[in-house]
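Note sheet for the following structure.
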Amino acid sequence: MISFYKISSAEKREVEDVLYRHNLKGVNKPKKTPGHVSKSHVVLAGKNGKYKLIRFGLQGSKGVKGFPVSMRKRESANFRKRHKKNIERGIFYPAYWANKEKW
């Protein structure tokens, strides 16, 4: 069972419905979506009773795993530098999850 922070039973059902429809294990737990046209991952982000479904990552991109071992650290740093403002905006933005999951 998922722990919910100050939400009504209707909101709780809605969150559980989204988790079921997208076959997610829980809130803030990303999952690969190989069948999606453009995005590689999906997550139901939640914080302080607010929830949002977020799709992130370019389909077919391997992130840091697509680079040779010698270049991975540099490419990760470049991604973080390039998307710093959006990563800092928090868990309701795709750049945060791409940084956490792919880079």
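The values are calculated or read from the model by the stated rules, or taken from the named source; none is laboratory data. These numbers come from a predicted model, not from an experiment. Quick reminder, even Gly has a Cβ in these numbers, built from the backbone with ideal geometry, and neighbours come from all protein chains shown. Heavy atoms of the whole protein, side chains included, go into the accessibility calculation; ligands, DNA and RNA do not. Shrake-Rupley method; radii C 1.70, N 1.55, O 1.52, S 1.80 Å.
So here's what we get for this one:
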| read-out | value |
| --- | --- |
| Hits in the stretch 18-36 - residues which are under 13 Å from Lys52 (Cα atoms) and not in a loop (DSSP other than H, G, I, E, B) | Val18, Leu19 |
| Scan of the stretch 31-51 for residues that are open to solvent by 60 Å² or more (accessible area, probe 1.4 Å) and among the small types (Gly, Ala, Ser), ordered by number | Gly35 |
| Residues that are free of Cβ contacts under 8 Å to residues at least 12 places away in the same chain and over 14 Å from Lys102 (Cβ atoms), drawn from the stretch 35-76 | Gly35, Pro68, Val69, Ser70, Met71, Lys73, Arg74 |
| Hits in the stretch 15-27 (condition: open to solvent by 60 Å² or more (accessible area, probe 1.4 Å) and touching a residue at least 12 places away in the same chain (Cβ under 8 Å)) | Glu16 |
| Filtered residues of the stretch 58-80 (kept if open to solvent by 60 Å² or more (accessible area, probe 1.4 Å) and either among the charged types (D, E, K, R) or modelled with pLDDT of 95 or more (or both)) | Lys62, Lys65, Arg72, Lys73, Arg74, Arg80 |
| The stretch 81-94 residues that are surrounded by 14 or more Cβ atoms within 10 Å (Cβ to Cβ), paired with ones that are in a helix (DSSP H, G or I) (beta carbon under 6 Å, 6 or more apart) | His83/Ala95; Asn86/Ala95; Ile87/Ala95; Ile87/Tyr96; Ile87/Asn99; Tyr93/Asn86 |
